[in-house]
Amino acid sequence: MSISIPGTVVVFDYGEVISVTPSEADRTALAGIAGGDAEQFWPAYWRHRNALDQGTLTIQQYWRGIERELGESWEDATIHRLWLADFRSWLTIDHDTLQVLLDLKAGGTRLALLSNAGRDFGSYFRHGTLGDLFEKVFVSGELGTVKPSADIFEHVMAELGVTPEQTVFIDNKAENVEGAEALGIAGHVYTSAADLRAYLQGLAA
């Protein structure tokens, strides 16, 4: 069933909205490549993530920072394996959310993607099949700023040629939605595809 919201751009987050949370098997595999104590690995993984997403760290610098924090000594091949396992863990798509995107597209609703992610995800977002759904793709690592900063939302609206009143933002993190709402953008905190569909159908009514 198509969903038509004329005069509006719906801007979607990617991670844990369009994609599913990495599985326990994915997490175990990644920590296993790193070696050492998994209890120490995950705090280090997230502690350095914001800088990677903001584009102030390269992928190599990101993993080498974790390596130093953990007191490990990784060969170059280990860095490649860590990057690949991590990248792949974020690629699984929520099929129900995908159907919402397809229904919006079928209804002629304008769509854009705004993700806090490293630059390496830009090509996947734009040139994989998801790229066919979005008018524009915005990747924080390419822009040098991250959600929920006002400047990233202002950049997105300027590129899309819309006002806050013409923009809807979907994200699984309340702080990111609140950042958008502070600018007058309508926001929805994603919890499930069913709730998302109900919210968007309410806007279309």
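The values are calculated or read from the model by the stated rules, or taken from the named source; none is laboratory data. In this text, all values refer to a predicted model and were calculated from it rather than measured experimentally. So basically every Cβ, Gly included, is an ideal-geometry build from the backbone, and we count neighbours across all protein chains shown. All accessible areas refer to the heavy atoms of the entire protein, side chains included, with ligands and DNA or RNA removed. Shrake-Rupley method; radii C 1.70, N 1.55, O 1.52, S 1.80 Å.
Label-to-label distance, ALA182 versus SER123, with points set 7 angstrom from Cα along the beta-carbon direction: 3.5 nm. Given their separation in residues at 0.36 nm each and the Cα-Cα distance between them, LEU91 and THR191 gain 34.1 nm when the chain is fully extended. Computed in the context of the full set of protein chains, the accessible area of region 69-177 at 1.4 Å probe radius has 49% of its extent on carbon or sulfur.
Here the extension length gained between LEU84 and GLU24 equals 20.0 nm, from 0.36 nm per residue of separation less the Cα-Cα distance.
Counting only alpha carbon atoms, the long axis of helix 150-160 and the longest principal axis of the chain meet at about 50°.
Computed over the chain, the alpha-carbon pair-distance distribution with 5 angstrom bins reads 1, 7, 15, 19, 19, 15, 10, 7, 4, 2, 0, 0, each value a whole percent.
Accessible area per residue for the chain, computed on protein heavy atoms with a 1.4 Å probe, is 47 Å².
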